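For reference, the structure discussed in these notes is given below.
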Amino acid sequence: MAEEAAPPLRFRRATVADIDAVVALVTSAYRGDASRAGWTTEADLLDGPRIDPDVLRQDIERPRSIVLLAEAGSAPAPDGLMACAHVAVEDGAGYFGMFAVRPGLQGAGVGKAVLAECERIAADWQLPAMRMTVLVQRDELIGWYERRGYRRTGVFKPFPYGDERFGIPRRDDLRFEVLEKPLQ
(Lines give C-alpha, C1' and ligand atoms only; values in the text may rest on other atoms or scores of the structure.)
Protein backbone atom coordinates (compact mmCIF):
# COMPACT_ATOMS: atom_id res chain seq x y z
CA MET A 1 0.00 0.00 0.00
CA ALA A 2 1.55 3.32 -1.06
CA GLU A 3 1.38 6.13 1.44
CA GLU A 4 0.93 9.78 0.63
CA ALA A 5 2.38 12.67 2.63
CA ALA A 6 0.41 13.34 5.80
CA PRO A 7 -1.86 16.36 5.85
CA PRO A 8 -0.69 19.11 8.22
CA LEU A 9 -1.24 17.91 11.79
CA ARG A 10 -1.46 19.63 15.14
CA PHE A 11 -0.51 17.50 18.15
CA ARG A 12 -1.72 17.96 21.69
CA ARG A 13 -1.99 15.99 24.92
CA ALA A 14 -5.33 14.43 25.71
CA THR A 15 -7.17 15.48 28.84
CA VAL A 16 -9.91 13.63 30.69
CA ALA A 17 -12.39 15.73 28.68
CA ASP A 18 -11.20 13.85 25.56
CA ILE A 19 -11.89 10.34 26.87
CA ASP A 20 -15.18 9.77 25.02
CA ALA A 21 -13.75 11.02 21.71
CA VAL A 22 -10.62 8.87 22.06
CA VAL A 23 -12.63 5.75 22.91
CA ALA A 24 -14.84 6.37 19.86
CA LEU A 25 -11.83 6.87 17.55
CA VAL A 26 -9.99 3.77 18.78
CA THR A 27 -13.14 1.65 18.50
CA SER A 28 -13.83 2.89 14.96
CA ALA A 29 -10.30 1.97 13.86
CA TYR A 30 -10.28 -1.58 15.24
CA ARG A 31 -13.73 -3.01 15.93
CA GLY A 32 -16.99 -3.54 14.12
CA ASP A 33 -18.00 -2.86 10.54
CA ALA A 34 -16.82 0.78 10.61
CA SER A 35 -13.24 -0.44 11.11
CA ARG A 36 -13.34 -2.36 7.82
CA ALA A 37 -13.04 0.96 5.96
CA GLY A 38 -9.38 0.99 7.01
CA TRP A 39 -6.74 -1.72 7.03
CA THR A 40 -6.06 -1.90 10.79
CA THR A 41 -9.29 -3.68 11.67
CA GLU A 42 -9.29 -6.43 14.27
CA ALA A 43 -12.96 -7.20 13.58
CA ASP A 44 -12.18 -10.78 12.54
CA LEU A 45 -10.16 -11.37 15.72
CA LEU A 46 -12.03 -9.54 18.47
CA ASP A 47 -15.42 -8.07 19.33
CA GLY A 48 -16.29 -5.60 22.06
CA PRO A 49 -14.23 -2.67 23.33
CA ARG A 50 -10.64 -1.91 22.29
CA ILE A 51 -9.94 0.52 25.13
CA ASP A 52 -11.44 0.88 28.57
CA PRO A 53 -12.28 4.48 29.62
CA ASP A 54 -10.90 3.92 33.14
CA VAL A 55 -7.59 2.58 31.79
CA LEU A 56 -7.45 5.54 29.39
CA ARG A 57 -8.00 7.96 32.30
CA GLN A 58 -5.09 6.34 34.16
CA ASP A 59 -2.87 6.69 31.07
CA ILE A 60 -3.78 10.39 30.75
CA GLU A 61 -3.14 11.13 34.42
CA ARG A 62 0.01 9.14 35.20
CA PRO A 63 3.50 10.66 35.08
CA ARG A 64 5.76 10.05 32.05
CA SER A 65 2.75 9.11 29.97
CA ILE A 66 1.17 11.07 27.13
CA VAL A 67 -1.96 10.24 25.21
CA LEU A 68 -1.19 12.14 22.03
CA LEU A 69 -3.98 13.49 19.84
CA ALA A 70 -3.57 14.50 16.19
CA GLU A 71 -5.94 17.06 14.73
CA ALA A 72 -6.02 18.78 11.36
CA GLY A 73 -3.47 21.57 10.88
CA SER A 74 -4.22 24.84 12.60
CA ALA A 75 -7.80 24.04 13.59
CA PRO A 76 -9.47 20.98 15.10
CA ALA A 77 -10.97 18.52 12.63
CA PRO A 78 -14.65 19.42 12.23
CA ASP A 79 -15.81 15.89 12.97
CA GLY A 80 -13.29 14.94 15.66
CA LEU A 81 -9.82 13.56 16.01
CA MET A 82 -7.72 12.30 13.13
CA ALA A 83 -5.50 9.98 15.18
CA CYS A 84 -4.21 9.17 18.64
CA ALA A 85 -1.52 7.13 20.35
CA HIS A 86 -0.14 6.51 23.82
CA VAL A 87 3.54 6.89 24.64
CA ALA A 88 4.89 6.18 28.12
CA VAL A 89 7.94 5.01 30.01
CA GLU A 90 7.82 1.28 30.72
CA ASP A 91 10.69 -0.93 31.86
CA GLY A 92 13.34 1.67 30.96
CA ALA A 93 12.12 2.21 27.38
CA GLY A 94 9.35 4.00 25.57
CA TYR A 95 6.11 2.10 25.18
CA PHE A 96 3.89 2.85 22.17
CA GLY A 97 0.26 1.76 22.18
CA MET A 98 -3.39 2.66 21.69
CA PHE A 99 -2.49 3.78 18.18
CA ALA A 100 -5.50 4.63 16.03
CA VAL A 101 -6.03 6.54 12.79
CA ARG A 102 -9.52 7.32 11.55
CA PRO A 103 -10.28 4.54 9.03
CA GLY A 104 -10.84 6.90 6.09
CA LEU A 105 -7.41 8.49 6.65
CA GLN A 106 -5.41 5.27 6.90
CA GLY A 107 -2.73 5.09 4.23
CA ALA A 108 -2.50 8.91 3.95
CA GLY A 109 0.65 9.27 6.09
CA VAL A 110 -1.15 10.33 9.28
CA GLY A 111 -0.06 7.21 11.19
CA LYS A 112 3.54 7.59 10.10
CA ALA A 113 3.55 11.18 11.39
CA VAL A 114 1.97 10.20 14.73
CA LEU A 115 4.47 7.37 15.23
CA ALA A 116 7.36 9.74 14.46
CA GLU A 117 6.06 12.28 17.01
CA CYS A 118 5.78 9.58 19.69
CA GLU A 119 9.33 8.43 18.92
CA ARG A 120 10.50 12.06 19.23
CA ILE A 121 8.82 12.31 22.66
CA ALA A 122 10.49 9.09 23.86
CA ALA A 123 13.86 10.28 22.54
CA ASP A 124 13.37 13.62 24.35
CA TRP A 125 12.85 11.57 27.51
CA GLN A 126 16.28 10.08 26.69
CA LEU A 127 14.93 6.55 26.37
CA PRO A 128 17.09 4.08 24.42
CA ALA A 129 14.28 2.33 22.53
CA MET A 130 10.58 2.24 21.76
CA ARG A 131 8.63 -0.96 22.31
CA MET A 132 5.13 -2.10 21.53
CA THR A 133 3.06 -5.25 21.53
CA VAL A 134 1.21 -6.39 18.41
CA LEU A 135 -1.08 -9.38 17.95
CA VAL A 136 0.98 -12.01 16.12
CA GLN A 137 -1.93 -12.58 13.74
CA ARG A 138 -1.52 -9.02 12.38
CA ASP A 139 1.14 -9.75 9.74
CA GLU A 140 0.34 -6.67 7.63
CA LEU A 141 0.56 -4.37 10.66
CA ILE A 142 3.81 -5.96 11.85
CA GLY A 143 5.20 -5.42 8.33
CA TRP A 144 4.20 -1.74 8.51
CA TYR A 145 6.18 -1.34 11.73
CA GLU A 146 9.14 -3.26 10.33
CA ARG A 147 9.31 -0.80 7.42
CA ARG A 148 9.65 1.93 10.06
CA GLY A 149 12.62 0.29 11.78
CA TYR A 150 10.95 -1.96 14.35
CA ARG A 151 12.11 -5.53 14.73
CA ARG A 152 10.41 -8.62 16.07
CA THR A 153 12.02 -9.60 19.36
CA GLY A 154 10.69 -13.14 19.77
CA VAL A 155 9.30 -12.08 23.15
CA PHE A 156 5.63 -12.96 23.48
CA LYS A 157 2.96 -11.87 25.94
CA PRO A 158 -0.39 -13.53 26.55
CA PHE A 159 -3.66 -12.00 25.45
CA PRO A 160 -5.76 -11.05 28.52
CA TYR A 161 -8.47 -13.67 27.97
CA GLY A 162 -11.36 -13.18 30.38
CA ASP A 163 -10.81 -9.40 30.72
CA GLU A 164 -13.50 -8.01 28.42
CA ARG A 165 -12.24 -4.44 28.94
CA PHE A 166 -9.81 -5.25 26.09
CA GLY A 167 -12.15 -7.16 23.81
CA ILE A 168 -13.97 -10.42 23.38
CA PRO A 169 -11.76 -12.89 21.47
CA ARG A 170 -13.19 -14.63 18.43
CA ARG A 171 -10.42 -17.24 18.54
CA ASP A 172 -8.32 -18.99 21.18
CA ASP A 173 -4.78 -18.48 19.81
CA LEU A 174 -4.29 -14.72 20.30
CA ARG A 175 -1.00 -13.49 21.75
CA PHE A 176 1.23 -10.47 21.42
CA GLU A 177 4.81 -10.13 20.22
CA VAL A 178 7.04 -7.33 21.44
CA LEU A 179 8.46 -5.14 18.65
CA GLU A 180 11.37 -2.79 19.37
CA LYS A 181 13.25 0.06 17.69
CA PRO A 182 16.42 1.72 19.00
CA LEU A 183 16.03 5.49 19.41
CA GLN A 184 19.60 6.54 20.19
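The values are calculated or read from the model by the stated rules, or taken from the named source; none is laboratory data. Please read all numbers here as calculations on a predicted model, not as lab measurements. Every residue, glycine as well, gets a Cβ built from its backbone with ideal geometry; the counts of neighbours run over all protein chains shown. Quick note on the areas: whole protein, heavy atoms, side chains included, nothing else; ligands and nucleic acids left out. Shrake-Rupley method; radii C 1.70, N 1.55, O 1.52, S 1.80 Å.
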- [ ] List, in order, the whole-Hz ³J(HN,Hα) value for each residue of the range 144-155 obtained from phi through the Karplus relation with A = 6.51, B = -1.76, C = 1.60 and θ = phi - 60°; use x for Gly and Pro.
- [x] 4, 5, 4, 5, 9, x, 7, 10, 6, 9, x, 9
Task: Accessible area of the range 17-115 belonging to carbon and sulfur atoms, whole % at 1.4 Å probe - done: 53 percent
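Which sequence of 28, 35 reflects their accessible areas, 1.4 Å probe, from the largest down? If you can, show how the numbers build up before the last one.
Numbers: 28 30, 35 0 Å².
These residues rank, largest area first, as 28, 35.
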Task: Built amide H within the under 5 Å cut-off of residue 98, gap 5+ - done: 86
- [ ] Output the relative contact order of the chain, whole-number percent, from Cα pairs under 8 angstrom with separation of 6+ residues.
- [x] 24 percent
Task: Surrounding net charge for residue 60, when Lys and Arg each add one and Asp and Glu each subtract one, Cβ distance under 10 Å - done: 0
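I'd like to check one number: the per residue accessible area of the chain, probe 1.4 Å, reported in Å² as a whole number.
49 Å²
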Task: Descending principal axes extents, the chain, alpha-carbon based, whole Å - done: 45, 38, 36
TODO: Just flag the chymotrypsin sites (Phe, Trp or Tyr not before Pro) in the range 105-184 sitting in loop per DSSP whose Cβ has no more than 16 other Cβ atoms within 10 Å.
DONE: 125, 161
